[in-house]
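Notes for the one structure printed next.
The values are calculated or read from the model by the stated rules, or taken from the named source; none is laboratory data. Keep in mind that what you see is a predicted model, and the values were worked out from it rather than measured. FYI the Cβ positions are ideal-geometry reconstructions off the backbone, even for glycines, and counts take in every protein chain you see.
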There are 2 protein chains.
Amino acid sequence: MKKYEEKTISSETIFSGHIIDVKVDKVELPNGKTSTRELVKHPGAVAVIAVTADNKLVMVEQYRKPLEKSLVEIPAGKLEANELPEHTARRELEEETGYTTDHLEFVTSFYTSPGFADELLYIYFTDQLKPTHAGLALDEDEFVEVQEYSLSELEALQQSERIHDAKTIYAIQFLKLRNS
Amino acid sequence: MKKYEEKTISSETIFSGHIIDVKVDKVELPNGKTSTRELVKHPGAVAVIAVTADNKLVMVEQYRKPLEKSLVEIPAGKLEANELPEHTARRELEEETGYTTDHLEFVTSFYTSPGFADELLYIYFTDQLKPTHAGLALDEDEFVEVQEYSLSELEALQQSERIHDAKTIYAIQFLKLRNS
């Protein structure tokens, strides 16, 4: 749908980084006036709702530099170029948690922040985990701690804001709906 | 929590925009090595799950330049400097939908994309709406269409990806859990 389309008059790339690019577009508004839009380009990402045989959610705690604190989140990672989201999901699960699976179910996708960024996040679910026996395979600048929590523990972590991101709070809702 | 803290060695502001700022920080990792982090600073935002007397969700359709398409979303807006989130919520509800309320209930907050951005979104709920009789009061570069949908209509819109953002998909789950 192109309702209220904002036509691009000109586009300037402000920054080309390793993860994000930043652009400022001059646009023509539906009433003919002009405005500018600040846009972050992101490759997209994948997250996995991974439930163990004893009904716990597999989580990773990691430091989030934009927030200057660590969060407890479901495992996730950026899409590589030309990689299918399901492959990214299995790869990130293996690398970050030491589990793998043959049964990944697509749950949903969503834009995390459509006002300024094009990041699209794909979410998968599995309750059929097996250990990789290979240990973790983290990126060289990646430090995570694997943790497993029951639904009531997750709700307490959300209450104390150690869980505090969109995809993980979505995952908690997903598990509650699945149990209801 | 500061687990696996990444200490800032230096910080460079790449861009200072109207909505976002972009920084690149050089950091010291937990193992003593260094890396860089690309960070988007955002003022934060507020969204409202607003349910009418006939049990429909109040939505706005608007063009999202980062995605080059329009999405149907729950009403939302950025925090102004020194504004309480609850005030932002009521203001955005009035400006974008023509409804107001005396009963806003805080639901949750979440970081939309903690890997690269510090945007924190506060979500409120109300099912006690009254018309403002003042009409909409949109920003001069803001074009939205107000729509109202039942839960089954929302699920169809999510299926067709006209609803496709984190806060609105959260809101649909919230309504499902409230009904269950």
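Considering the range B:89-132, the residues that are farther than 22 Å from residue A:68 by Cα and of a type in the set (Gly, Ala, Ser) include one that is modelled with the lowest pLDDT, namely B:98.
Selection within the range B:15-70: residues that are small (Gly, Ala, Ser) and closer than 16 Å to residue A:22 by Cβ. The member of this set that is nearest to the other protein chains (Cβ to nearest Cβ) is B:17. When you go through (1) within 7 Å of another protein chain (Cβ to nearest Cβ); (2) free of Cβ contacts under 8 Å to residues at least 40 places away in the same chain; (3) assigned to a helix (DSSP H, G or I) one by one for residue A:170, which number turns out not to apply? Status for residue A:170: all satisfied but (2).
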